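Inspection log for the structure reproduced underneath, given as structure tokens.
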Amino acid sequence: MDAIFRALADASRRQLLDRLHANNGQSLGELCEGLAMTRQAVAKHLAILEGANLVASARRGREKLHYINPVPINEIAERWIGKYERHRLKALSELKRALEGSDE
Amino acid sequence: MSKPSFVYVTYIESTPEKVWQALTEGTFTRRYWVNHRNASDWQVGSPWRHEDFDDASLVDIAGHVVESVPPHRLVLTWSLPQDVDKPDKNSRVTFDIEPYGGAVRLTVRHSDLEPGSAMLSGISRGWPLVLSSLKTLLETGEPLPGTSERMTRPPE
């Protein structure tokens with residue numbers, strides 16, 4: 001989880017994730033287009049994002065395509081948000097039982 | 001195959017055999033995949049159906065098994081049940097299950113999705129939730145809350 005937060009603590013890397021979110025599956029060259037970063041800097045940021053499992057890649061021929069991987073972000077959400085959601089669901093089912101007048 | 005629309009990776013503290021079982025056996029899938037079973041004999045060419053665990057007549061997704069290499073690789077066609085025999089409406093899902101240190105790296109690729117389709121927007125929300133719940137189930141014995149019950153479908 002430290003690696004995820006370290007990876008997200010940089011505006012350039014968040015910008016790369018935004019670009020993949022808008023258009024998933026881009027090569028390094030495509031990701032560099034229109035960015036005020038060197039190709040080398042983009043490659044370095046991508047490696048950090050991949051190390052944190054926020055970016056997954058797939059090969060197509062000689063090209064390496066990058067994809068945003070939201071699965072770890074879901075795990076973060078679950079750590080702090082899931083509990084409240086659980087309480088809310090429990091409260092709702094208690095309310096339902098009370099309203100339906102069941103003892104169970 | 002066209003370039004994948006989505007590539008998801010999750011690292012699970014488990015074994016390839018258990019991950020395979022968790023993807024292919026209804027008693028596992030029902031717990032993290034909103035009370036659904038993936039029903040098939042998992043032989044190449046066989047049909048598979050993503051159906052409600054308690055009512056097998058409710059089929060949300062269907063297709064055929066394209067590749068089956070237990071416990072490492074499973075490739076399926078994926079479409080609405082009425083589109084199974086329309087190749088242009090078939091998307092494709094690849095599961096790769098690889099040992100990674102003492103854990104497993106599960107990669108899910110979803111390709112050939114129709115741009116702008118309801119299927120595309122639906123699965124882009126669904127997969128991250130299903131995969132993180134699968135990971136949580138295998139690592140803790142309990143799935144994520146809210147992923148065990150069948151979801152009521154919003155009006156189309």
### Summary
Checking B:Val7, B:Val19, B:Val34, B:Val84 in turn, the sole residue that is at positive phi, in contact (Cβ under 8 Å) with a residue 24 or more places away in the chain and open to solvent by less than 70 Å² (accessible area, probe 1.4 Å) turns out to be B:Val34
#### Entry: Some residue of segment B:100-111 being open to solvent by less than 20 Å² (accessible area, probe 1.4 Å) and in contact with a His (Cβ under 9 Å, 6 or more places away or on another chain)
no
### Message
Quick test of your reading of the structure: B:Glu139 fulfils all but one of (1) open to solvent by less than 60 Å² (accessible area, probe 1.4 Å); (2) over 24 Å from A:Ser57 (Cβ atoms); (3) not in a loop (DSSP other than H, G, I, E, B). Name the failing condition by number.
### Response
(1)
### Query
Which condition does B:Gly126 not pass, out of (1) open to solvent by less than 80 Å² (accessible area, probe 1.4 Å); (2) within 14 Å of another protein chain (Cβ to nearest Cβ); (3) over 23 Å from B:Arg31 (Cα atoms), if it passes all the others?
(3)
### Query
Can you name every residue in segment A:33-47 that is surrounded by 18 or more Cβ atoms within 10 Å (Cβ to Cβ) and either among the β-branched types (Val, Ile, Thr) or touching a Ser or Thr at 6+ places or on another chain (Cβ under 8 Å) (or both)?
A:Val42, A:His45
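Taking the stated definitions as given, is B:Pro128 outside any strand (DSSP E or B) and more than 17 Å from the chain's Cα centre (by Cα)?
Taking the combined requirement at face value, the residue does not satisfy it.
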### Task
Could you name every one of the helices (runs of 4 or more DSSP H) located completely within chain A that has at least 1 residues being modelled with pLDDT of 95 or more and over 25 Å from B:Tyr11 (Cα atoms)?
A:11-22, A:28-32, A:39-51
### Summary
With the first residue restricted to segment B:125-142 and required to be touching a residue at least 60 places away in the same chain (Cβ under 8 Å), and the second required to be acidic (Asp, Glu) and not in a helix (DSSP H, G or I), Cβ contacts under 6 Å at 6 or more apart or on different chains are B:Glu139/B:Glu13
### Message
Being within 15 Å of B:Lys3 (Cα to Cα) and open to solvent by 70 Å² or more (accessible area, probe 1.4 Å) is the filter here; which residues of segment A:18-32 pass it?
### Response
A:Asn23, A:Glu30
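The values are calculated or read from the model by the stated rules, or taken from the named source; none is laboratory data. What you see is a predicted model, and the numbers here were worked out from it, not measured in a lab. Because the Cβ atoms are built from the backbone with ideal geometry, glycine has one as well, and the counts that use them run over all protein chains shown. Accessible surface is based on the protein model in full, side chains and every heavy atom, while ligands, DNA and RNA are left aside. Shrake-Rupley method; radii C 1.70, N 1.55, O 1.52, S 1.80 Å.
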